[in-house]
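The values are calculated or read from the model by the stated rules, or taken from the named source; none is laboratory data. The structure displayed is predicted, hence computed values, not measured ones. Positions of Cβ are generated from backbone atoms using ideal geometry, with glycine treated the same way; all protein chains shown enter the neighbour counts. Ligands, DNA and RNA are excluded from the accessible area calculation, which covers all protein heavy atoms including side chains. Shrake-Rupley method; radii C 1.70, N 1.55, O 1.52, S 1.80 Å.
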Amino acid sequence: MKVQFLNGNGIKLLAAVLMVADHIGMFFFPQTMWLRAIGRISLPLFAYMLAEGCRYTKNKLNHVLLLALVALACQIVYFFAAGSLQMCILVTFTLSTLITYALQYFKRCLFIGERPLTTVLAAGGFIGMVFLTFVLNSINSINGVYFAIEYGFWGCMLPVFASVFDFRGLGESGLAARLDNGWVRFFSFAVGLVILCAFHVSHLEWFSLIGLVPLALYNGQRGKLKLKYFFYIFYPAHLALFYLIAALI
């Protein structure tokens, strides 16, 4: 049996199970830290798979819009249910996706020999998205209401670390082709995860490093089942169910 035997579907299903355990702890057993700890493992799994989605998705606009619309729907519910401006992980990943696509466009401009002005504008777009993300994560409140983006700036940047050495479609030979390697992308992502843990206020975040183990077993394949829309539905659906159960008890 190959060492790398986990496909993308398997990793995302594992992440979903771990996320549910985390949310069970958050809603029903807030003092049970081991549930919250194992839930931390889901972040790197989802983040790396998001980077893989950005790598292979053909319709980038649809990808961003779908993420943003589901995130917006979740935030509207959060606000009216709890008066909270705590941004959910889908907001984090929407920003990650925008930064990643800006980085991809900049690299494409460099490799296909676009006009210097276009390349400079692409670089400015990427830097601008990173700066905007940093500014948004510097805001603590809006009109006196607490505001925060889940996992902060480095959480938004985490999938981008897996995309730094993504040169898919930009050449079949040379240094870029050699760097466009699963293990190179994995170790770049691992560096980003360590930075996230180091800057995060919660010591529980270090448990997310365990997520590097299943990611090291990732075989680069999506899997036979098309589960893309399942995960977009599953996230808000299971949260709504937990909110309802918590309200009833």
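Computed quantities for the displayed model
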| quantity | calculated |
| --- | --- |
| Of all residues making up segment 163-178, the number that are assigned to a helix (DSSP H, G or I) and in contact with a Lys or Arg (Cβ under 9 Å, 6 or more places away or on another chain) | 1 |
| Filtered residues of segment 150-165 (kept if in contact with a Cys (Cβ under 9 Å, 6 or more places away or on another chain), buried (at least 22 other Cβ atoms within 10 Å of the Cβ) and either hydroxyl-bearing (Ser, Thr, Tyr) or modelled with pLDDT under 95 (or both)) | SER163 |
| Residue match in segment 214-234 (condition: within 21 Å of ILE41 (Cβ to Cβ), small (Gly, Ala, Ser) and modelled with pLDDT of 90 or more) | yes |
| Lone qualifier among VAL70, VAL135, VAL91 - being out of contact with any strand residue (DSSP E or B) (no Cβ under 8 Å at 6 or more places or on another chain), part of a helix (DSSP H, G or I) and surrounded by 15 or more Cβ atoms within 10 Å (Cβ to Cβ) | VAL70 |
| Residue match in segment 185-192 (condition: of a type in the set (A, V, I, L, M), surrounded by 16 or more Cβ atoms within 10 Å (Cβ to Cβ) and in contact (Cβ under 8 Å) with a residue 12 or more places away in the chain) | yes |
| Residue in segment 79-89 that is over 19 Å from ALA216 (Cα atoms), without any contact (Cβ under 8 Å) to a residue 40 or more places away in the chain and of a type in the set (Ser, Thr, Tyr) present | no |
| Among (1) touching a residue at least 40 places away in the same chain (Cβ under 8 Å); (2) open to solvent by 40 Å² or more (accessible area, probe 1.4 Å); (3) under 24 Å from VAL91 (Cβ atoms); (4) of a type outside the set (Ser, Thr, Tyr) - the single one VAL201 does not satisfy | (1) |
| Tabulated pairs, segment 217-246, first within 14 Å of LEU14 (Cα to Cα) and part of a loop (DSSP other than H, G, I, E, B), second of a type in the set (Lys, Arg) and at pLDDT 85 or above, C-beta under 9 angstrom, 6+ apart or interchain | GLY223/LYS12; LEU227/LYS12 |
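To keep it simple, each residue is scored yes or no on (1) in contact with a helix residue (DSSP H, G or I) (Cβ under 9 Å, 6 or more places away or on another chain); (2) hydroxyl-bearing (Ser, Thr, Tyr).
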| position | (1), (2) |
| --- | --- |
| ALA37 | yes, no |
| ALA51 | yes, no |
| TYR56 | no, yes |
| LYS107 | yes, no |
| MET129 | yes, no |
| THR133 | yes, yes |
